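For reference, the structure discussed in these notes is given below.
Each value in this text was obtained by applying a stated rule to the coordinates, not by laboratory testing. A quick note: this is a predicted structure, and the numbers were derived from the prediction, not measured. Note that we place each Cβ from the backbone using ideal geometry, even for glycine, and neighbour counts take in every protein chain shown.
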Amino acid sequence: MLSRVLILFAVISLSACSTNQLMVRASMPIMEGGIVAMNHETDLEMAKAAMPANIEMLEGLLVLDPDNVTLRAYGAQAYYGYAYGFVEDGDRKRASRFYLRGLKHGEKALINLGFNKPLTQTTHDEVVKNLSQMDKSSVPTLFWTASALAKWIDMNRAKPSIFAHMSKAAAMIERVLTLDETYHYGSVHLFLGVYYGSRPAMMGGDLKKSQFHFDRARAINKAQMLMTDVLQAQYLERQRMNRTAFHTLLTRVINLEEPLLPELALVNAIARKKARLLLKKEQEWF
């Protein structure tokens, strides 16, 4: 009798799990449509107000389907985008918490893709071994997890225990580069442009490599993603103390009037905002 009850309970539990997953998968087109609409948004205040509700909806779907790798990757991307676009320029500690939330989503996705432990509990060599098994379908998870990890590190530069994870982020990005260098308009090259341009040579910096990656990103996105110019100015031109290039890149971002890809409307609006903030620091930095 007891065995029959246990079997019945197991069947009910599995049925509930399947029902939850079906509900979530039926909702995926709505979630994906919301992402498309958000990417087309040109008004930063509207985007800033809308993103928390979208993130909470995503979190609710993950309660129902916690092993959904696609949703976890969306989670990493959403927290990264919200923190980078709307939080870190005014509150680095709060931004750090959001980047960490994004990283946690990415870690859970990676476990479902074959990692044995959370990324921050895995050695560099273990990460490299796991990465060798990743294919093109894992690119969104790898890219947004690495991006969230790198920004979490950036928000906590004074903590060596956190900075030690940077080699893992770089390894993940190198795997993305191998699998699909064009992902998200060549953003993997933006990551590497910042990576090589923002550090001294003794710590792996390489200004020529940085320039190569910014140029490659610009070629892939056909100069439609203005964040390419912003990041080059902020990290590469500042490092090589080229004030003219710094100023030219940022003023181009602000003044460019030619039509750009509508699906890059939000990221380009954020780029313009950041360009204005960076120009205010020009005299201090140079």
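Tabulated data
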{"item": "Order of L250, L236 under a 10 Å beta carbon neighbour criterion, fewest first", "result": "L236, L250"}
{"item": "Exposure proxy ranking, count of Cβ atoms within 10 Å, fewest first, for Y183, Y196", "result": "Y183, Y196"}
{"item": "Within region 20-56, backbone nitrogen closer than 19 Å to the virtual label 7 Å beyond the Cα of R276 toward Cβ", "result": "41-50"}
{"item": "Sequence of K108, K208 once ranked by neighbouring C-beta atoms within 10 Å, starting from the fewest", "result": "K208, K108"}
{"item": "Helix axis angle, 2-39 relative to the chain longest principal axis, alpha carbon, degrees", "result": "30 degrees"}
{"item": "Rounded to 10°, Cα long-axis angle of helix 265-279 versus longest principal axis of the chain", "result": "40 degrees"}
{"item": "Mean separation of Cα contacts under 8 Å, 6 or more apart, over the residue count of the chain: relative contact order %", "result": "15 percent"}
{"item": "Over region 181-286, relative contact order from alpha-carbon pairs under 8 Å, at least 6 apart, %", "result": "24 percent"}
{"item": "Average projected area [Cα convex hull, region 181-286], square nanometres", "result": "6.4 nm²"}
{"item": "Segment D215-E32, extension gain: residue separation times 0.36 nm, minus the distance between their alpha carbons", "result": "62.9 nm"}
{"item": "Tilt relative to the chain, helix 243-255 - C-alpha long axis, 0 to 90 degrees, to 10", "result": "60 degrees"}
{"item": "Lysine-lysine proximity count for region 127-286, Cα under 20 Å, sequence distance 8 or more or distinct chains", "result": "10"}
{"item": "For region 92-107 and region 133-193, distance of Cα centres in Å", "result": "14 Å"}
{"item": "Neighbourhood charge, 13 Å Cβ-Cβ cut-off, centred on V24 and excluding it, Lys, Arg +1 and Asp, Glu -1", "result": "-2"}
